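Reading through the structure tokens given below for one structure.
Every number here is computed from the coordinates shown, using simple stated rules; none is lab data. Being a predicted model, the structure only gives us computed values, none of them experimental. Neighbour counts run over all protein chains shown; Cβ positions are idealised from the backbone, glycine included.
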Amino acid sequence: MANPSIWPGSSSFFPGSTPFGFYDNDTDFQTDADKVSVFCARRLGYPITDIELQDLNFYTAFEEAVTTYGNEVFAFKASENYLSLEGSQTSSNLNYKLQKQNLGTTITIAEQYGSEAGVGGTIEYRTGSIQMVKNQQVYDLKDFATSQSVDKNNIEVKEIFYQSDPAIVRYFDPYAGTGTDIQGLMDSFGFGNYSPGINFLLMPINYDLAKIQAIDFNDQIRKSNYTFELVNNQIRIFPIPSRNEKLWFKYILKSDRNVSTVSGSLGVGVVTDISTVPYTNPSYSNINSIGRQWVFEYTLALCKEMLGYVRGKYGTVPIPGAEVTLNQSDLISAATSEKTSLIERLRTYLDETSRSKLLERKALESENVIKDLSAVPYTIYIA
């Protein structure tokens, strides 16, 4: 068997020496490529031990290490900011850009809850009515569904109510107090004969909103709005109607809830999943010394793995009068362990810089500062 090629002791990098050429034109990468080759060769035992690798092997490992580092960093950033990125355009490269948070996806998610609560969302709330009969408690929606040309099993009643005046019309309801004691305050200024809806105080708009909400709540508590139970499209009304009148209700079509909300065409030009977030390979020149040290160590682990495979192919090396068994399994085992350890270490670093962890540490720091300051005595002033 032919003897394997041995590392000559030096190398000279030039563009085109790596498989993909991601960083071949980066001057810092060009400079460090040969330095990393020497570093890895010496860590593997050169010149005491022959290293059965060539410069192209070292360059390949170096390129892979830089790419792996960038993938881990940018995958973390994509995950950290995904709620703000989903649905955005993919035309802008996000490398080394500050990503500001937004509520786009959060609001989209909340809209579905708003639909169920009747306070927004994408599901249309429809209105309908049935004719109630005195002392009749149960009514079938079949006739109503037929009149609307919909499947009776597709109707879901959300609310039953009187056709009462809206709260804003009844803003002067004397029972609609909001707990601010405006009436008592007006009495003290001699305006007690005025309606509580009229006052001469400058109040924020949220006071009016609170008062309108109080009127609605008052209707639910003080007035006998109907409640209902819906089983198999049979509406049971509580309390039992005492006269013939129309009962109005809000409903949705169950099929509207299941309508697909997918937009776009195959995700072209829009972030739809982690694979479409517009991050690319890192710029080696922008990686600081902390990151480069990780890259050097990962390159060494890859070279150790390659050397193990090479030595495994040859098995033994002839020497005068005997053969030497190579340490294939030891190299591959050590390389696997080192790669795993390096990835875990990098992910730990990234996790410690996540937004949630930073806020936790900031809150803890503030809490400890307050505790420290609480033990500091106040200055005593002597007149």
Can you compute 3J(HN,Hα) from phi for each residue in the stretch 8-22, using the Karplus curve 6.51 cos²θ - 1.76 cosθ + 1.60 with θ = phi - 60°, rounded to whole Hz and x for Gly and Pro?
x, x, 7, 8, 9, 6, 8, x, x, 7, 9, x, 9, x, 4
Nitroxide proxy distance, nm - points 7 Å out along Cα→Cβ at S12 and W248
9.0 nm
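What is the gain in length, in nm to one decimal, between S5 and E344 on full extension, counting 0.36 nm per residue of separation less the C-alpha to C-alpha distance?
Once the chain is fully extended between S5 and E344, it gains 118.7 nm.
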Contour excess over end-to-end distance, with Cα ends at R257 and I382 and 0.36 nm allotted per residue:
37.6 nm
K134: which aspartates and glutamates have alpha carbons under 20 Å from its alpha carbon, excluding same-chain residues fewer than 8 sequence positions away?
D143, E229, E245
For a footprinting-style exposure proxy, rank E338, E365 by other Cβ within 10 Å, fewest first.
E365, E338
Which order results if V150, V138 are arranged by neighbouring Cβ count within 10 Å, fewest first?
V138, V150
Would you list, by chain and number, the lysines whose Cα falls below 29 Å from the Cα of K371, excluding same-chain residues fewer than 8 positions away?
K357, K362
Using a 10 Å cut-off on Cβ atoms, rank the peptides 139-148, 62-71, 107-116, 355-364 from the highest mean neighbour count down.
62-71, 139-148, 107-116, 355-364
In nanometres, the difference between 0.36 nm per residue of separation and the alpha-carbon distance of D330 and A110 is 73.7 nm
Which ³J(HN,Hα) values, rounded to whole Hz and listed in residue order, are derived for the stretch 108-123 from phi using the Karplus coefficients 6.51, -1.76 and 1.60 in 6.51 cos²θ - 1.76 cosθ + 1.60 with θ = phi - 60°, glycine and proline given as x?
4, 5, 5, 4, 5, 5, x, 4, 5, 8, x, 10, x, x, 10, 8
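To the nearest 0.05, what FRET efficiency results for Y96 and K357 with a Förster distance of 25 Å applied to their C-beta separation?
About 0.70, to the nearest 0.05.
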For K35, give me every one of the aspartates and glutamates with a C-alpha distance below 14 angstrom, ignoring sequence neighbours fewer than eight places off in its own chain.
D55, E63, E297
